[in-house]
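J.: Would you mind keeping the following structure in view while I ask a few things?
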Amino acid sequence: MSMILTNVRVFAVGADITGASNKVELSGEVEEKETTNYASGGWKERIGGIGSAEISGEGFWQAGDPSLIDDASWAQLGGVGPWTVCPDAAQVGSLAYLTRALRSNYQLLGAVGDVAPWTGTAKSSWPLVRGQIAHPPGTARTATGTGTALNLGAIPAGKRLYAALHVLSVAGATPSLTVSIESDDAAGMATPTARLSFDAATAAGGQALRTDAAAITDTHYRVAWAISGTTPSFMFAVSLGIR
């Protein structure tokens, strides 16, 4: 099935850069290492070496607020943080690609008369993971709660659960948000187990976590959050995946 790209969502650390982007590309590769030997029967043999991934994007330049592309890019340049890209919307269950990446390049501005452009690149420090959105960016949270359970399946030994948290906006007096990822063996989440716990967030930003590669037999996963402060309000997105 072919897709026309009209609703790609892009989250870079603590910024939603969707509205400033008109192109995004993902790439993943594994180094090819030759192991041809005298028993190869006259054919080359190869194994996979070190993997890497890259996110590149471009769009229209904006500045003047921490959520806008210029402010966010300068804050992130040279730093490592979570990235999530969704090919079609960012609702709970939407397909998402996530990684922890170095913001390695940022270019801006162009010729007279042009709509001011920007381009940028982020290069992975973790694997590129294919997963789902577990908490949508457009829902403000003002009190402690839990999200919808996703059936990601059991995690075999040697694989990990990866999670990216993007805190996009914060309001209120002394607001604090603590997000965790819980698992259970059924959609009802009757006896959830905390698998990952992010540091408390009091400002926009991002975090990425992963489990320790031990097997997890639970099949369902959800986001839980604890909120405190005076009239607090948070907008955040969370993506999950197994690799």
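J.: Springs between alpha-carbon pairs under 10 angstrom, Gaussian network model over the chain: which of 222, 103, 160 fluctuates most?
T.: Among 222, 103, 160, the largest GNM mean-square fluctuation belongs to 160.
J.: Distance in nm between label sites at residue 71 and residue 31, each 7 Å beyond Cα in the beta-carbon direction?
T.: 4.1
J.: Hey, another quick one. Roughly to the nearest percent, how much of the accessible area of segment 42-200 is carbon and sulfur, given a 1.4 Å probe?
T.: Here it works out to 52 percent.
J.: Which stretch or stretches of segment 103-142 have amide N atoms under 13 Å from the point lying 7 Å from residue 3's Cα along the Cα→Cβ direction?
T.: Answer for segment 103-142: 130-133.
J.: Which value, in Å², gives the accessible area per residue of the chain when a 1.4 Å probe is used on the protein heavy atoms?
T.: Numbers: 12320 Å² over 243 residues.
Result: 51 Å² per residue.
J.: I would also like to ask the following. Provide the packing ranking of 145-151, 32-38, 92-98, i.e. peptides ordered by the mean count of other C-beta atoms within 10 Å per residue, highest first. Show your work: numbers first, answer last.
T.: Details: 145-151: 16.1, 32-38: 9.3, 92-98: 19.7.
The peptides rank, most packed first, as 92-98, 145-151, 32-38.
J.: With θ set to phi - 60°, apply the Karplus curve 6.51 cos²θ - 1.76 cosθ + 1.60 along segment 196-212 and write out the HN-Hα couplings as whole Hz, x wherever there is a Gly or Pro.
T.: Ordered by residue, 3J(HN,Hα) equals 9, 9, 7, 5, 4, 10, 10, 8, 4, x, x, 9, 10, 9, 8, 7, 8 Hz.
J.: Which value does Rg/Rh take for segment 1-58 over its C-alpha atoms, Rh per Kirkwood?
T.: Working: Rg = 19.1 Å, Rh = 15.0 Å.
Dividing the radius of gyration by the Kirkwood radius yields 1.27.
J.: Keeping to pairs on different chains or 8 or more places apart, tell me how many lysine pairs in the chain have Cα atoms under 23 Å apart. Please report the intermediate quantities before stating the final value.
T.: Details: 23/123; 33/44; 33/123; 33/159; 123/159.
Value for the chain: 5.
J.: State, as an integer percentage, the relative contact order of the chain based on alpha-carbon contacts under 8 Å between residues 6 or more apart. Numbers along the way, then the final one.
T.: Working: 673 pairs, mean separation 52.6, N = 243.
The value is 22 percent.
J.: If you take the square roots of the eigenvalues of the alpha-carbon gyration tensor of segment 144-243 and sort them as a ≥ b ≥ c, do you get rounded (a/c under 1.5), prolate (a/b over b/c) or oblate? Write down the numbers at each step before the final one.
T.: Numbers: a/c = 2.75, a/b = 1.85, b/c = 1.49.
Here segment 144-243 falls in the prolate category.
J.: Follow-up question, since we're still on this one. Test of understanding: express the Cα radius of gyration of the chain as a ratio to 2.2 N^0.38 Å, with N the residue count.
T.: The chain yields a ratio of 1.11.
J.: Something else now. Top to bottom by accessible area (1.4 Å), largest first, where do 43, 74 land?
T.: On the way: 43 190, 74 145 Å².
Largest accessible area first, the list is 43, 74.
J.: Could I ask something else about it? Could you give the nm distance between label points at residue 212 and residue 139, where each point is 7 Å from its Cα heading toward the beta carbon?
T.: Result for the modelled spin labels: 3.1 nm.
The values are calculated or read from the model by the stated rules, or taken from the named source; none is laboratory data. None of the values given here were measured: they were computed from a predicted structure. Every residue, glycine among them, receives a Cβ derived from its backbone with ideal geometry; neighbour counts consider all protein chains shown. We work out accessible area using only protein heavy atoms, side chains counted, and drop any ligands, DNA or RNA first. Shrake-Rupley method; radii C 1.70, N 1.55, O 1.52, S 1.80 Å.
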